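The values are calculated or read from the model by the stated rules, or taken from the named source; none is laboratory data. As the structure is a computational prediction, the values presented were derived from the model and not from experiment. Glycine also receives a Cβ, built like all others from the backbone with ideal geometry; neighbour counts cover every protein chain displayed. To get the accessible areas, we keep the full protein, side chains included, count just its heavy atoms, and leave off ligands, DNA and RNA. Shrake-Rupley method; radii C 1.70, N 1.55, O 1.52, S 1.80 Å.
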Amino acid sequence: WDNADFSRGVGTTFYQEFLTLNTAKPPFIHDVEAKIRRYLRSSYSATWTLKITWEKAPAYAAQTDTRRTSTYQAVLTTDGFRSYVLMLYQAGGMQWDYTRLTAPNVLIGYT
């Protein structure tokens, strides 16, 4: 995410916060909970979730190419005890030319 460059006015970033303690949960939260249950095989009920979206983000440095953009999301969620991060990438959505990036060691995800 730190290699996205919005300085040329291409692409956008937005977020949405979901407070779900003692409230009805929207379908997005049900989907997040289902993913965590499926992947971790444990019970999970979110009380707070933050969805951050980078849409059509050009790679740094944007002055070299604003046509090849990428769309991806990070979803942070907690039940007040355990916290998770889901990294979501649009199918076919990572369009950055990694041979033109300033850092040669490209990695999708986190460590």
What is the ratio of the Cα radius of gyration of the range 12-66 to 2.2 N^0.38 Å, with N the residue count, to two decimals? 1.57
For the range 1-94: span of alpha carbons on each principal axis (Å, largest first): 46, 24, 21
For D79, D31, D5, write out the residues from largest to smallest accessible area, computed with a 1.4 angstrom probe and no ligands counted. D31, D79, D5
Can you give the net charge of the other residues whose Cβ lies under 12 Å from the Cβ of V85, counting K and R as +1 and D and E as -1? +3
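Filter the chymotrypsin sites (Phe, Trp or Tyr not before Pro) in the range 1-82 to those in DSSP coil with at most 11 other Cβ atoms within 10 Å of their Cβ, and list the result. Present the calculation step by step, with values, prior to reporting the outcome.
Values: sites: W1, F6, F14, Y15, F18, F28, Y39, Y44, W48, W54, Y60, Y72, F81; in loops: W1, F6, Y44, Y60, F81.
Sparse-neighbourhood loop chymotrypsin sites (Phe, Trp or Tyr not before Pro): F81.
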Sort Y89, Y84 from largest to smallest accessible area, using a 1.4 Å probe on the heavy atoms of the protein chains. Y89, Y84
